[in-house]
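The values are calculated or read from the model by the stated rules, or taken from the named source; none is laboratory data. The structure displayed is predicted, hence computed values, not measured ones. All Cβ positions, even for glycine, are placed from backbone atoms using ideal geometry, and neighbour counts span all protein chains on display.
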């Protein structure tokens, strides 16, 4: 009843056990605050210390330059889909380029189209979004207000390891499902946003990293909560911040720094975990068929199918009976999806890899 | 270091100790879910059960009729300030009436003015928002798209106990700081919204109760996250919900039902707590001077001043040294504010009342 399983959910996803344990210890009383972190004012000293530390930890982890702001906002990636064009496209007289590599990119475009002119600079639809654009395939507008891409598509399982080259146009990235999985060169970006519930923390907060010059584009007539300028001017305290979610985001960042040893070490571990599963696919003589093209395979979401729907169902049922949860692929792609974000332990992936080999060998992994 | 104080913060505010204790017990593993409530999919069975229970508990507590929806959204009261006019005013060709009884009402009006025509149906500014409108003072438009009021103003400490009479115009209420403090007749309202961090739960979620016919006003071109129609159509799962915050909101609602005995019992306790402090004011021969007019005094926020700024400072410092925290009034009003929401224990208010009497008697309450 109270046993923790290995949870391959695409998000909200795993949190590091040590983070949960600390949050549990401190839940009734944040040391020195006289109350739970959920009960204290967002403008008081104890919470400001947490917020400042969270920002400092993000700056350290990602080597964020001084001319970028780090904001913690509500509304998830979905609200960012609207805030990006409302702040950066509206009123510019320009259009925005969108590089379309999967389901989430499509949702971002829908919102942008409600705001202004959108050009699709590349669309992977023809091959069911199983690959990323090659160099030279992008149809970019050198005058675009910005160029948008999703660094990782959770449903299809494709991930960029190099940013698309967009020249001088500000690059905007939906990194909801892979921020903090590896080091980034922040200077290549104008704006990066990520809902927290994959690598960064719990659902209910999004991280936004934005270059100073882009903040100035925000129109004063925007709904107050939707203006990056308002949030930047108030240091993420334009209104009551989602205090508990930010507290967990900070603990996760500390875990990356203190227990993992930073993002280069995290990337090494992520590559090791992903290789374990992709090796099983590649050595399965086609029993497991990956969705993504080899060089575009995601480190975060491993997507594949079994030979038939009946095997697929049996795979899911037997996996769950062994404490390997939430492996069902998204309904739009089907098959299996193993989400192995930062906090998925190596042992969980090992157990899944063993399960997969046994399932293929015997047509079952039942003991 | 780890001792809980009495926390009179205006919000985020106290949570019931039994709620915190249960959340602590379940933090590593929600029974039956194999993971923390922060780690599970918002679309999976275990979280859906929580969401359904939260809605059912709100329906029971407030006797919400079937033609109203209960939504749990991100962005706080501040995003509601914009969502209300964007959904209910925009495109109607009408104006909206705002009854202005304090600071939060003013902020709601600012947002509405960015969207459409606003009429101020009453403004308490002349007397520093120390009172509510009398019957007959409201200057209402019978054709308004809606009429908006804040049922409790946290900064000034005034609270409505009867809804303003607005005829057939849909009544919209910002109940951020007093929802669940007493029973309501929901049928008098078109829409009620409340950020959770006073009476309902932690920061990071807002409760919206909306009548079906008003949902239909939402324009399809609104930013997706800002459309009540989208959230209603998806039962609060239009995007990833703030799962942990909703889990706590549900535990607080259960506490009200199972431990307090419902909202009538809660109101009795709230009246008892508020009377303890207002009695000290009234029996202080003017040493403590309340801000709000007697008949409009809030049950949630007791606002008052001491004879001079020096006494005020000493009061705050000595209170804090006795574990009575966060009593400083808002900078715009000054003085003292004791926020005594639902979860403030009777003993906390007793201790503050004793402290106040001792402080007046001796010019100090230092032991």
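Numerical summary
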quantity: Subset of the range B:19-30 that is assigned to a loop (DSSP other than H, G, I, E, B) and facing another protein chain (nearest Cβ under 7 Å) - its residue that is nearest to residue A:28 (Cα to Cα); calculated: B:27
quantity: Scope the range B:332-358; condition out of contact with any helix residue (DSSP H, G or I) (no Cβ under 7 Å at 6 or more places or on another chain), outside any loop (DSSP other than H, G, I, E, B) and closer than 13 Å to residue B:301 by Cα; matching residues; calculated: B:337, B:339
quantity: Unique match (being at the interface with chain A (Cβ under 9 Å from one of its Cβ atoms), surrounded by 21 or more Cβ atoms within 10 Å (Cβ to Cβ) and either more than 23 Å from the chain's Cα centre (by Cα) or free of Cβ contacts under 8 Å to residues at least 40 places away in the same chain (or both)) among B:33, B:10; calculated: B:33
quantity: Candidate set: the range A:13-29, residues that are closer than 30 Å to residue B:324 by Cβ and free of Cβ contacts under 8 Å to residues at least 40 places away in the same chain; chosen: the one nearest to the chain's Cα centre (by Cα); calculated: A:24
quantity: Filtered residues of the range A:316-331 (kept if free of Cβ contacts under 8 Å to residues at least 60 places away in the same chain and either touching a helix residue (DSSP H, G or I) at 6+ places or on another chain (Cβ under 8 Å) or outside the structural domain of residue A:306 (by TED's automatic domain parsing) (or both)); calculated: A:318, A:319, A:322, A:328
quantity: Tally of residues being at pLDDT 95 or above and surrounded by 18 or more Cβ atoms within 10 Å (Cβ to Cβ) across the range B:342-367; calculated: 11
quantity: Any chance residue B:223 is within 10 Å of another protein chain (Cβ to nearest Cβ) and surrounded by fewer than 24 Cβ atoms within 10 Å (Cβ to Cβ); calculated: yes
quantity: Selection status of residue A:294, surrounded by fewer than 13 Cβ atoms within 10 Å (Cβ to Cβ), closer than 25 Å to residue A:151 by Cβ and either more than 14 Å from every other protein chain (Cβ to nearest Cβ) or at pLDDT 95 or above (or both); calculated: yes
quantity: Some residue of the range A:230-240 being under 25 Å from residue A:153 (Cα atoms) and more than 7 Å from every other protein chain (Cβ to nearest Cβ); calculated: no
quantity: Sole residue being without any contact (Cβ under 8 Å) to a residue 40 or more places away in the chain, more than 30 Å from residue B:245 (Cα to Cα) and touching a strand residue (DSSP E or B) at 6+ places or on another chain (Cβ under 8 Å), chosen from A:113, A:119; calculated: A:119
quantity: Residue match in the range B:42-62 (condition: within 8 Å of chain A (Cβ to nearest Cβ), touching a residue at least 40 places away in the same chain (Cβ under 8 Å) and surrounded by 17 or more Cβ atoms within 10 Å (Cβ to Cβ)); calculated: yes
quantity: Failed item in (1) away from chain A (no Cβ under 14 Å); (2) buried (at least 20 other Cβ atoms within 10 Å of the Cβ), with residue B:212 passing the rest; calculated: (2)
quantity: Meets criteria (buried (at least 19 other Cβ atoms within 10 Å of the Cβ) and not in a helix (DSSP H, G or I)) for residue B:299; calculated: yes
quantity: Residue match in the range B:227-234 (condition: touching a helix residue (DSSP H, G or I) at 6+ places or on another chain (Cβ under 7 Å), closer than 25 Å to residue A:205 by Cα and buried (at least 24 other Cβ atoms within 10 Å of the Cβ)); calculated: yes
quantity: Answer from A:277, A:214, A:222 - the residue that is in a helix (DSSP H, G or I), over 18 Å from the mean Cα position of the chain (by Cα), in contact (Cβ under 8 Å) with a residue 24 or more places away in the chain and not assigned by TED's automatic domain parsing to the domain that holds residue A:339; calculated: A:214
quantity: Of all residues in the range B:280-292 being outside any helix (DSSP H, G or I) and in contact with a helix residue (DSSP H, G or I) (Cβ under 7 Å, 6 or more places away or on another chain), the one that is nearest to residue B:184 (Cα to Cα); calculated: B:290
quantity: Test: residue B:128 is out of contact with any strand residue (DSSP E or B) (no Cβ under 7 Å at 6 or more places or on another chain) and over 30 Å from residue B:264 (Cα atoms); calculated: yes
quantity: Criterion violated by residue A:66 - all others in (1) within 16 Å of residue A:191 (Cα to Cα); (2) in contact with a strand residue (DSSP E or B) (Cβ under 9 Å, 6 or more places away or on another chain) satisfied; calculated: (2)
quantity: Residue A:16, sole failed condition from (1) at pLDDT 95 or above; (2) within 12 Å of another protein chain (Cβ to nearest Cβ); (3) in contact with a strand residue (DSSP E or B) (Cβ under 8 Å, 6 or more places away or on another chain); calculated: (3)
quantity: Enumerated strands (runs of 3 or more DSSP E) restricted to the range B:77-177, each holding at least 3 residues that are surrounded by fewer than 23 Cβ atoms within 10 Å (Cβ to Cβ) and modelled with pLDDT of 95 or more; calculated: B:118-123
quantity: Residue satisfying condition, being touching a helix residue (DSSP H, G or I) at 6+ places or on another chain (Cβ under 9 Å) and in contact (Cβ under 8 Å) with a residue 24 or more places away in the chain, within set B:151, B:177; calculated: B:177
